[in-house]
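Beneath this line is the structure, given in structure tokens, with notes to follow.
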Ligand code: HAX
């Protein structure tokens, strides 16, 4: 058993009695009351999911296993010469809650290199798609095609004790997580770079090998590490994380779950917003020619968007009530590496003009930018200008958190998810509306 798996097993054994005690001694304790607004309004704010992998505070932003993002970037081990940490180290942290040592990350990285090899049929599935398919469709289908590889599914069919479910799920998760960057890079090379027979570099880590397969020079390796780590988790209630968890709760394996997660992320109100931001800015850029717009022009562009009944992509959030720290970290990176870039100047001006406009309009509860407002600009700067592709990158990152959660779901024996629905008439009766 690997060091990581051994440590994880100890943590699981220590955690199981905590869940049992909560259920046995406090199963009937009321945590929340639910309002009509919450039932109709997408279940906002109802405390009804449990995860220890990350927690989102509306004002502070995300913490992974108790660590803020700056702490995560500072504390996790980094490859030689890199400024950003190993993605594998982040996965170790998400799974165990412990910051791994250099040796522990090396062992996991080594383990993942062996699992990176993509079966030939997956390349064929990807290659079979027409070149005008959206990359998220191809990604979802490629993951789905690998379901036959599931060790969990095989062992389940043969019969397995419930307490052992986490073990083959861990194996599936490590296999899928290692292969996702290879799938992502192959989709990029097929659709945009038109490069075939791209090899991997087994001496490189998750982020380094991804940059290598994308054909991008340094520091795109660090950009990739930063990007995957920033997008890894945002507690359990967001659409992608919740979809992954929900599907897995029926004991579907991680291939079904992550394919579903990808489909949820592909919506413009969620992960696709990073693509939408770039598309939206390019519309204005096309009108402006080479010039950066004045503040007055930018304000009009924002108002026109709102008055056209559209949302301003990259702004607002269902939970956050301040500037997203994931935005801030990418902004700081941009300020350090390309402060004079024209596209960055657009984004920077939006940071200035959008919040007061959303406040004046008075609808959005959070007028501040989220992660997606800034992430496309960073990719663009390093040559990934095909913005349809950005949500694929988000997916590779998000899978890390969702996979870690699914392993823990299995370890703690969380049951099939099944909330209760009622009819409109029943709700009217509850509040006393008479027909
Ligand atoms: N532009 C215009 N209107 C906005 C807005 C924005 N950026 N953000 C919120 N609103 C509007 C909502 O559409 C809603 O309008 P209606 O009452 O007419 O339905 C109203 O303000 C109240 O919404 P809210 O409670 O503040 O926000 P929600 O929790 O309902 O929605 C969203 C959160 C992220 C979906 C929303 O802010 C939005 O659509 N933002 C733009 C798209 C975007 O950037 N999505 C990515 C979010 C981060 C993420 O998940 N990344 O993956």
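Please treat every number below as a calculation from the coordinates, not as lab data. Computed from a predicted model, the values in this text were never measured in an experiment. Note that we place each Cβ from the backbone using ideal geometry, even for glycine, and neighbour counts take in every protein chain shown.
Quick notes on this one:
- Three-way shape label, segment 37-173, alpha-carbon gyration tensor, a/c 1.5: rounded
- With a Förster radius of 51 Å applied to the beta-carbon distance between residue 33 and residue 218, the computed FRET efficiency rounds to 0.45.
- For q = 0.14, 0.15, 0.21 Å⁻¹, Debye-computed log10 I/I(0) when each Cα of segment 346-432 counts as one equal scatterer: -0.88, -0.90, -0.98
- Relative contact order for segment 15-105: 16 percent, from Cα pairs under 8 Å spaced at least 6 residues apart, divided by residue count.
- In segment 121-191, the inverse of the mean reciprocal separation of distinct Cα atoms equals 13.3 Å; this is its Kirkwood hydrodynamic radius.
- This ranking places 326, 44, 331 by how few other beta-carbon atoms lie within 10 Å of each, fewest first, which gives 44, 331, 326.
- By other beta-carbon atoms within 10 Å, ranking 433, 19, 357, 138 with the fewest at the front produces 433, 19, 357, 138.
- The convex hull around the C-alpha trace of segment 1-84, projected and averaged over every direction, spans 9.2 square nanometres.
- Over segment 111-228, relative contact order from alpha-carbon pairs under 8 Å, at least 6 apart, %: 27
- Here the extension length gained between residue 52 and residue 363 equals 108.7 nm, from 0.36 nm per residue of separation less the Cα-Cα distance.
- For residue 194 and residue 282, the FRET efficiency from 1/(1 + (r/R0)^6), where r spans their Cβ atoms and R0 equals 35 Å, is about 0.95.
- Cα point-scatterer Debye curve for the chain, base-10 log of I(q)/I(0) at q = 0.09, 0.11 Å⁻¹: -0.59, -0.88
- Cα gyration tensor category, rounded, prolate or oblate, for segment 280-435 with a/c compared to 1.5: oblate
- Whole-percent P(r), segment 114-253, all Cα pairs, 10 Å bins from 0: 10, 35, 37, 16, 2.
- Label-reachable residues, segment 409-435, where backbone N falls under 17 Å from a point 7 Å from residue 164's Cα toward its Cβ: 410-413
- Residue 296-residue 74 FRET efficiency (beta carbon distance; Förster radius 60 Å; 0.05 resolution): 0.90
- From least to most packed, judged by other beta carbons within 10 angstrom and beginning with the fewest, 51, 424, 68 follow the order 424, 68, 51.
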